[in-house]
Each structure stands twice: as structure tokens, then as C-alpha cells.
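**Student:** Sharing a structure, written as C-alpha cells. Questions coming.
Please treat every number below as a calculation from the coordinates, not as lab data. Since the structure is predicted, the reported quantities are computational estimates derived from the model, not experimental observations. Note that we place each Cβ from the backbone using ideal geometry, even for glycine, and neighbour counts take in every protein chain shown.
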Amino acid sequence: MAGGRNHDLYRYIHFHERIIPQIIEEISRFKPDFVVNTGDIIQGNCDDTATALLEMEEALQRFERSGAPVFYAVGNHDGHPHKEPVKQLLYAANSRSLGSPVEQGYYRFVKDRSLFIVLDFTEFESGDAQEAFLHESLQAGAEYEHVFVFAHPPLIPVIRPFFSKYDFAHTVLCSLEEHRVDAYFCGHTHNQIASLHRVGDYWLPQLKSSMIGEPEDAPVRIQDVRRLLPREDNCELLWGYMEDTAPGWWIVTVDGGKVTADWYTLSHSLSHKRAVAGQLTWEDGVKANATIVPEFAAPISHARPNAAEIVSVRLRAAGSSCNAEGAYKVSLNGQAIGSLPRLGAFAIRSFLPVPPELWPGLADVNRLTVTTADEEMCIGGFVLEIETAAGWVYSEPTEFYTNSHRWDEWGAQGIRHIDRSGEVIRWNCGMRRSTIRSGTTIFLSKPIVPSSARARNWRSIPARRSGCSNRGSGALTRPFPDTPMQAQ
């Protein structure tokens with residue numbers, strides 16, 4: 001197993017043994033009617049089926065301690081590479097909660113006047129039985145006061161480009177344009193994000209949470225280290241925190257026509273333990289409103305530090321399919337600082353340290369260059385981060401750059417094309433005069449756009465499904481710029 005995967009394995013063992021049991025205990029205090037888990041309850045990647053079955057069995061036993069029926073969506077880790085844990089154990093667990101047998105990862109159930117739809121993106125194919133199930137379920141939703149949808153990945157990526165399955169996201173969004181639902185709950189990206197997205201003629205709450213993370217670590221706001229991918233006119237970020245910080249969960253209360261979604265976290269930065277950290281409320285036909293916005297420890301303002309105040313300096317980076325070892329060379333103010341590690345899945349824990357001898361040369365504006373490899377890839381999200389005793393100073397996160405058209409259908413903003421032949425990307429990294437502990441700024445000196453020979457009519461790419469505009473996604477339609485529960 002590669003070193004990076006080993007590191008992730010040890011992290012997840014730690015989270016499963018120490019953090020997740022705490023959250024399950026907290027959830028049990030609410031005595032919920034039921035629990036929905038949006039997937040990846042195991043790390044997966046086991047060497048054999050027997051070990052994979054054991055891992056799944058242990059995970060299911062852990063979640064049963066909530067004291068309520070638990071429903072599961074299938075995550076990409078749950079059935080990889082062995083499908084038996086899902087088929088033998090996860091389907092059986094859902095069958096027990098439903099009170100009737102289910103032999104696939106998608107299903108629906110009813111509680112009082114609310115319909116709950118759970119989807120399986122891992123097995124989804126356009127035009128398959130699951131798509132027919134989705135359409136039928138949403139049509140049936142007209143008979144209920146509320147409809148909630150659950151699946152593992154986000155429908156609209158917020159900070160991790162393309163980190164979903166396009167056919168799944170596109171098809172579901174098209175369906176949600178035609179049939180209004182209360183909210184979409186997901187996981188996958190390990191972030192804590194509450195956002196609203198314009199879908200058709202209404203605003204859809206997309207509520208993400210993750211049970212993994214370090215409660216001791218200060219929450220990092222997503223907008224401080226990543227650019228938002230959805231178009232601003234079609235997305236409202238209510239709050240968001242990066243992976244590994246503020247492990248949390250949602251408690252949803254339905255009271256007649258009113259819905260209250262409370263976000264809780266184990267974060268030690270919250271001034272009042274066991275208090276609601278964030279809250280959304282809405283009623284039928286009314287746009288959701290953030291009635292409580294998370295308030296963590298107050299940020300510390302300070303000017304750009306001098307060299308004597310600096311504890312460490314690093315460059316944050318993210319990417320997908322950046323596999324050429326040593327090819328992504330980085331220079332800061334004309335001085336080489338090394339090569340980036342391999343970048344995949346737009347993971348957040350990829351850094352390149354800046355040597356101490358270069359710290360005295362840091363200025364209000366710093367010149368950063370990165371060479372790219374001749375391989376199909378996407379790279380970006382660069383942030384220059386300076387650590388001091390008082391906290392962190394960040395530069396503004398950059399856009400993402402790709403030399404491939406394989407992701408054009410997503411149409412996310414903040415992504416630009418470059419040539420494939422070892423392009424050099426350059427920025428002016430501006431450090432703010434007044435920055436905050438979890439904030440700050442990299443400016444592109446010159447945007448890199450496709451050459452005229454490779455330029456395309458970006459708006460000529462149609463939505464895949466006739467009659468579906470996906471105009472509300474902001475990420476799927478505009479390509480790169482120039483009671484007892486009843487089983488149903």
C-alpha cells in the first residue's frame with residue numbers, strides 16, 4: 001500500500017475509534033426517530049472479502065448504538081474493491097430498518113407526512129432502473145408535505161472540482177427542477193458545508209457533513225483556502241469548513257409545515273458545548289433561511305509578519321491526476337523551493353514547505369511559478385500560508401487550471417485551460433496588510449486561456465437531457481470561461 005494511503009488508513013482508524021463513537025453518543029441523546037448515514041462507513045480497500053466483511057460488520061454495530069433505526073446510502077469506499085460487504089451486510093441493515101427486504105442501494109420510506117428518498121450513485125447509469133425509481137418517487141412526493149433526498153456525493157461541487165459523478169448529478173438535478181424537494185443531504189467531500197443552490201425556480205439546500213475530523217483543530221473556512229466553484233448568482237454559501245476540522249452532524253426536526261435543520265459539531269472552538277452551531281429553517285414554498293450561523297473563536301487580525309515572527313511557511317496545492325513525479329516544480333520570488341507531491345482527488349492535505357532562508361524575502365507581493373507536466377490533469381487551489389505564534393496568514397486561493405477537456409461538462413467557474421506541453425503558471429501572491437487567523441490572498445497576474453487554435457464555443461455544449469437547463473446548478477451548465485416508517 002502506498003505511503004499516502006497508509007497515512008489515510010491510520011487517520012481513519014483514529015477517527016473511527018475516537019471521534020465517531022463520540023458523535024454517535026451525542027446523536028443518541030436526541031432520541032431520533034431514525035438516522036440516515038450518507039455513506040463511506042468503512043475505509044475499504046481491504047486485501048480480501050473476509051476482511052472487508054469484518055470491517056463492515058464492525059461499522060454497522062457501531063452505528064446501531066444510536067438507539068434508532070439507521071438507513072445507509074452507499075459510499076464509494078463501502079463497496080471498493082469488494083462488493084460483498086454492501087450486498088450481504090449493508091442491504092440487510094437497510095432491510096431491517098425498512099421492515100421489508102431491499103436488494104439494491106436505492107429505496108424510499110415514509111415517516112408521518114414526509115417522504116425520504118435514498119439513492120446509490122455507485123451503481124447509477126443514465127436510463128437505468130434507478131433513474132426510473134427516482135422519477136416515480138419524486139412524482140409520488142406530490143402526495144407528501146415534505147420530500148428529502150439523500151446520497152453520498154454532492155450534486156453541485158462547491159470546492160472540490162468534479163468530485164462527484166456527472167451523469168448522476170446531472171440527472172438528479174434535472175429531476176429536482178421538475179419536482180421541488182426540501183433538501184439534499186450528502187457527504188463524500190469530508191467538508192461541513194451548508195449552501196443554497198438555485199434549481200429551477202427555487203433554492204435547494206445542499207447540506208453536507210462529515211463525522212471525521214479533529215475537534216481540537218481550529219475550523220478552517222472553505223472560502224479562505226479554496227475558490228467557490230458555483231456561480232455566485234446561483235449559489236449562497238451559508239457556512240463551510242474544511243476537511244479534518246469541526247466533525248459534525250445534522251439534526252432535522254419536522255413540525256407540520258416547518259423544517260428546522262440544526263448542525264452540531266464536536267469542535268472545541270465552539271464556545272458552548274452541545275449547542276446548535278448552525279441552523280436553517282424553512283417552510284413549504286419559502287427559501288431556507290440561516291437563523292444561526294456558526295461562531296467559533298474570534299479570528300486574530302495582524303499585518304504581514306516579518307521574518308522573525310514566522311514559525312513556518314508552506315504552499316497549499318490541490319489537483320487531480322498530477323502523477324508525474326518531480327515534474328511540478330515551484331519557484332517563489334525566483335528561487336526554487338522544490339517539486340509538488342503527487343496530487344489526486346483534490347485532497348486538502350498537500351503542501352510544499354518553503355525553506356527558512358527564503359522567509360526574509362517574503363514581501364507584500366510575491367512571485368510564484370509552477371511548471372506543469374505533459375499529462376491530462378487539473379491543478380490549482382494554491383495558497384501561500386504563513387504560520388506565526390498568533391495564527392495563520394493566507395494568500396487568496398488561486399483558480400484551477402486544466403490541460404484537458406474531459407471535465408468541460410461540469411462548467412465550474414474558476415477553472416481555466418492551459419496548453420498541455422509543460423505550461424508554466426505564474427501568479428503575483430499578494431499578502432493582505434490586515435489578515436485574519438483563518439483567512440487571506442494569491443492574485444493571478446495574467447489569466448491563462450486556451451490558445452486560438454484550441455478555443456471553443458463554450459456555450460454550444462447542450463444539457464444532456466432535453467428540457468433540462470440545470471440553470472440552478474451554476475456548475476453543470478456553464479463550461480469553462482474565456483411514525484412507524486413505511487417502506488415504499
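**Student:** Let's test the formula: R0 of 41 Å, r as the Cβ-Cβ distance of D233 and V311. What FRET efficiency results, to the nearest 0.05?
**Tutor:** After rounding to 0.05, the efficiency reads 0.55.
**Student:** Ordered by residue, what ³J(HN,Hα) values in Hz, to whole numbers, does segment 335-342 give under the Karplus form 6.51 cos²θ - 1.76 cosθ + 1.60, where θ = phi - 60° and Gly and Pro are x?
**Tutor:** 10, 5, 10, x, 10, 5, x, 4
**Student:** So, one more: Relative to the Cα centre, what is the charge dipole magnitude of segment 86-232, using +1 at the beta carbon of each Lys and Arg, -1 at the beta carbon of each Asp and Glu, and rounding to the nearest 20 debye?
**Tutor:** 340 debye
**Student:** If you find the alpha carbon centre of segment 27-106 and of segment 378-407, how far apart are they in angstrom?
**Tutor:** 36 Å
**Student:** Would you work out if segment 3-292 is rounded, prolate or oblate? Take a ≥ b ≥ c from the square roots of the eigenvalues of the alpha-carbon gyration tensor; rounded if a/c is under 1.5, else prolate when a/b is larger than b/c, oblate otherwise.
**Tutor:** On the way: a/c = 1.33, a/b = 1.08, b/c = 1.23.
Judged from the Cα gyration tensor, segment 3-292 comes out rounded (a/c under 1.5).
**Student:** Take every DSSP beta bridge whose two residues both sit in segment 3-292, then give the antiparallel share in percent to the nearest 5. Could the numbers behind the result be given before it?
**Tutor:** Numbers: 36 of 51 bridges.
Bridges in segment 3-292 that DSSP calls antiparallel: roughly 70 percent.
**Student:** Any idea how far apart E376 and A345 come out in nm if each label point goes 7 Å out from Cα toward Cβ?
**Tutor:** With each label placed 7 Å out from Cα toward Cβ, I get 2.1 nm.
**Student:** Here is a further query. At 7 Å along Cα-to-Cβ for each site, give me the label-to-label distance between E17 and E58 in nm.
**Tutor:** Each label point lies 7 Å from its Cα, and together they span 0.9 nm.
**Student:** For segment 1-125, just say rounded, prolate or oblate: build the C-alpha gyration tensor, square-root its eigenvalues into a ≥ b ≥ c, call rounded for a/c under 1.5, and beyond that prolate if a/b exceeds b/c, oblate if not.
**Tutor:** On the way: a/c = 2.08, a/b = 1.32, b/c = 1.58.
Here segment 1-125 falls in the oblate category.
**Student:** If you don't mind, there's one more thing I want to ask. Starting with the highest mean, order 68-77, 276-285 by the number of other Cβ atoms within 10 Å, averaged over the residues of each peptide. Write down the numbers at each step before the final one.
**Tutor:** Working: 68-77: 22.0, 276-285: 17.7.
Descending packing order for the listed peptides: 68-77, 276-285.
**Student:** Set the Förster distance to 22 Å, then compute FRET efficiency between N323 and R426 from the Cβ-Cβ distance, nearest 0.05.
**Tutor:** Working: r = 23 Å, r/R0 = 1.04.
The pair N323/R426 has a calculated efficiency of 0.45.
**Student:** Follow-up. Provide the packing ranking of 391-399, 45-53, i.e. peptides ordered by the mean count of other C-beta atoms within 10 Å per residue, highest first.
**Tutor:** Numbers: 391-399: 24.1, 45-53: 14.6.
Top of the packing list down: 391-399, 45-53.
**Student:** Just check segment 192-250 against the gyration tensor rule for me: Cα atoms, a ≥ b ≥ c as the square roots of the eigenvalues, rounded for a/c under 1.5, and otherwise prolate or oblate depending on whether a/b exceeds b/c.
**Tutor:** Note, shape of segment 192-250 comes out oblate.
**Student:** Between their Cα atoms, which of K83/K165; K87/K258; K208/K287; K165/K258; K31/K83; K31/K287 are more than 25 Å away from each other? Don't skip to the answer; put the middle values down first.
**Tutor:** Values: K83/K165 19 Å; K87/K258 37 Å; K208/K287 18 Å; K165/K258 32 Å; K31/K83 32 Å; K31/K287 28 Å.
Table pairs above 25 Å Cα-Cα are K87/K258; K165/K258; K31/K83; K31/K287.
**Student:** Also, I was wondering about something else. Karplus couplings for segment 138-145 from phi (6.51 cos²θ - 1.76 cosθ + 1.60, θ = phi - 60°), rounded to Hz, Gly and Pro as x?
**Tutor:** With the stated coefficients, segment 138-145 comes to 5, 5, 5, x, 4, 7, 10, 6 Hz.
**Student:** Out of the GluC sites (Glu not before Pro) in segment 192-253, which ones are loop residues according to DSSP with at most 15 other C-beta atoms within 10 Å? Spell out each step's value before the answer.
**Tutor:** On the way: sites: E216, E232, E236, E243; in loops: E216, E243.
Filter output for segment 192-253: E216.
**Student:** Also, I was wondering about something else. Stretch K287-F34 to full length: gain in nm at 0.36 nm per residue minus the Cα-Cα span?
**Tutor:** Working: separation 253, 0.36 × 253 = 91.08 nm, distance 2.56 nm.
Stretched out fully, the K287 to F34 stretch lengthens by 88.5 nm.
**Student:** Further question: Please check which bits of segment 136-163 a label hung off E178 would reach, taking the label as a point 7 Å along Cα-to-C-beta and the cut-off as backbone N under 14 Å.
**Tutor:** 136-142
**Student:** For a quick check: with amide H placed at 1.01 Å from N, whose amide H comes under 5 Å from I337's, ignoring anything fewer than 5 positions away on the same chain?
**Tutor:** Here V330, S331, L332 satisfy the definition.
**Student:** Under the 0.36 nm per residue contour assumption, what length would be gained going from the current alpha-carbon distance of L358 and E84 to full extension? Each step should come with its number before you reach the end.
**Tutor:** On the way: separation 274, 0.36 × 274 = 98.64 nm, distance 5.29 nm.
Length difference between fully extended and current span is 93.4 nm.
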